[in-house]
Amino acid sequence: MIKVSIGEGGIPRQVDAGSAKWISVAPILDSHEDIRRFQLAGGVGTLQPVSRTEFDTTVLHWLKAYIPPSYEHSVVLLTSRSGWGLLERAAAAVRTAYPLRAELRRGGAVAAQGTTAAAVREVLRTAPLLVDHILVLALADHDTGAVATYHHTLFPAGIRLGRGETATAEVTVHGGIGGGEPLKLPVFVGRPAPDGSGALPVALHEAPVGALEQVRLRFVLRGPGEVELADTRTGVPRAGHGAVAAEVSALLTRLPHRILRPPALELHFTVELSGAERTETEERLAFVRDLVLALARHDETGTAVRTGAVGHYDHQIHESSHTPRGMTVLPPIPAGSPAATLAALAGWRPARRGQDLASSLEDALGAVRAGGAPGARREDVRRVLLVVARRPPAQPKQHGIHPACPLGADWRTELGRLRAAGVRVITRADPVTGPPQHDGPGLAARRYAEEAWAELSAEGSFHPGRDSAADVAGALTPPWRLEGPPCRLAFATPLI
């Protein structure tokens, strides 16, 4: 016999209320199991037949001893499959003695096989939800960064499953600023207070969610208080470990006070598109594309990360017979989402350089400034210009063998204007190759190049072959700040 009660949160609870072997209920039955089963089935043979009247009397006597008067109006009868003569008489005795709330038959309302406890559990899973089943997430205020809990209704009250049915709910959760450990996903029956009290925790799931990433999760309802989480890789539902109230309370009360968003990053590139060989320029373009892709993983929308670029060549160039003389700078790619920058970069084409001493980098610096990207300085935007090149800019006037800018542009003036506008200028310059210069003009040109790159790199530099695109993205991305302990809950909305 199974006793069922409605527990906290309206969850049906079952306990073993007592049971007895047929031989103790009705001693008139044979002690040998096979013979006893034959008798219960109503078999007729050489054995002395069981007295039906005496059997009915003993069954009713046992029922009166085990079912108290307070439960007489809440009896549900679970009967076996038809054909068992004495068992059918025992069921008839129950119907006579008690006003049944319901009657269930194996093979119909419940599975034909299995224990009585399993059959009752199967039936209870079809009970309606009396209270909402809630997933508790974290939520950071967009303006202040204050962190609080957020209640997401997975399965509302009133849902009722059929026999063998399940219900599913999908929810997108977001990672915080930490990494490594899986995030916690507590499920309650009812809406808990901030410390987790006032509702029943029924499961504590875990899911791997990377920092600032989002994951689509599927929760599976098997019955009141039974909520499983489908594996994100296989889709197979798995039960979380039983939620201990003290553990959940500690999880909810140890949230960070605030998560402070970093300033937005606005990153521009100048990229030298002339090379001795096509592979030289392709390496620079590949690096820029990989860096933009790495930044896009932080923010695909362009809200927290914006990128733009300017490509530049020699001062005198013929890309083809249709390219006008004097083309030194491609039309700038304005600051926008990383995806827009990547699409624009696909149209850039390398060219073979005509000399090895200077490029039109000074024109590119001017194009970045004139494009309006740096603009007025703001506290919530970090602006960076990354120079990706091999040759230094040309000087405004001719000095020795070093080419001059035909328009007399002074790269030092352009550099000063960018820095005055709050732009941090850093470099990623190709290493110098080729035999060293020994004559006076060659040494002077080499000395100028070293001085120019030192001045351009005063605020930082990266090096090909040593600093990968992922390394550079990590170094340039402004860090988040956390006040208080790390957040182990998944977030309801993206932090960015």
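The share of alpha-carbon pairs in region 148-274 lying farther apart than 18 Å comes to 61%.
For the set His174, His142, solvent exposure ranked by accessible area (probe 1.4 Å, protein chains only) runs largest to smallest as His142, His174. Thr149 sits with roughly 40 Å² accessible to a 1.4 Å probe, with DNA, RNA and ligands left out of the calculation.
Note on His73: accessible area approximately 130 square angstrom, rounded to 10, probe 1.4 Å, nucleic acids and ligands left out.
Among the trypsin sites (Lys or Arg not before Pro) in region 204-311, those located in a DSSP loop and surrounded by at most 11 other Cβ atoms within 10 Å of their own Cβ are Arg233. Put Val271, Val202 in order of accessible area, highest first, and with a 1.4 Å probe you get Val202, Val271. Within straight-line reach of Lys64, meaning a Cα separation under 12 Å, sit the following aspartates and glutamates at least 8 residues removed in sequence or on another chain: Glu72. Note on the chain: with neighbouring protein chains present and a 1.4 Å probe, carbon and sulfur make up 54 percent of its accessible heavy-atom surface. Rolled with a 1.4 Å probe across the full set of protein chains, the surface gives Asp132 an accessible area near 40 Å². Cα-based values for region 217-306, radius of gyration first and Dmax second, are 23.6, 71 Å.
Scattering from region 417-496 was approximated by placing one identical point on each alpha carbon and applying the Debye formula without solvent; log10 I(q)/I(0) at 0.20 1/Å stands at -1.05.
Globularity index of the chain is 1.65 (Cα radius of gyration / 2.2 N^0.38 Å, N = number of residues). Looking at region 377-496, the accessible area is 52 square angstrom per residue; that uses a 1.4 Å probe and ignores ligands, DNA and RNA.
Each stretch of four or more DSSP H residues adds -39500 (n - 2.57); spread over every residue of the chain, this sum gives -8000 deg cm²/dmol at 222 nm.
The values are calculated or read from the model by the stated rules, or taken from the named source; none is laboratory data. Source: prediction; values computed, not measured. Ideal geometry is used to build each Cβ from the backbone, glycine not excepted, and the neighbour counts take in all protein chains shown. In case anyone asks, the SASA skips ligands and DNA or RNA and just uses the protein heavy atoms, side chains included. Shrake-Rupley method; radii C 1.70, N 1.55, O 1.52, S 1.80 Å.
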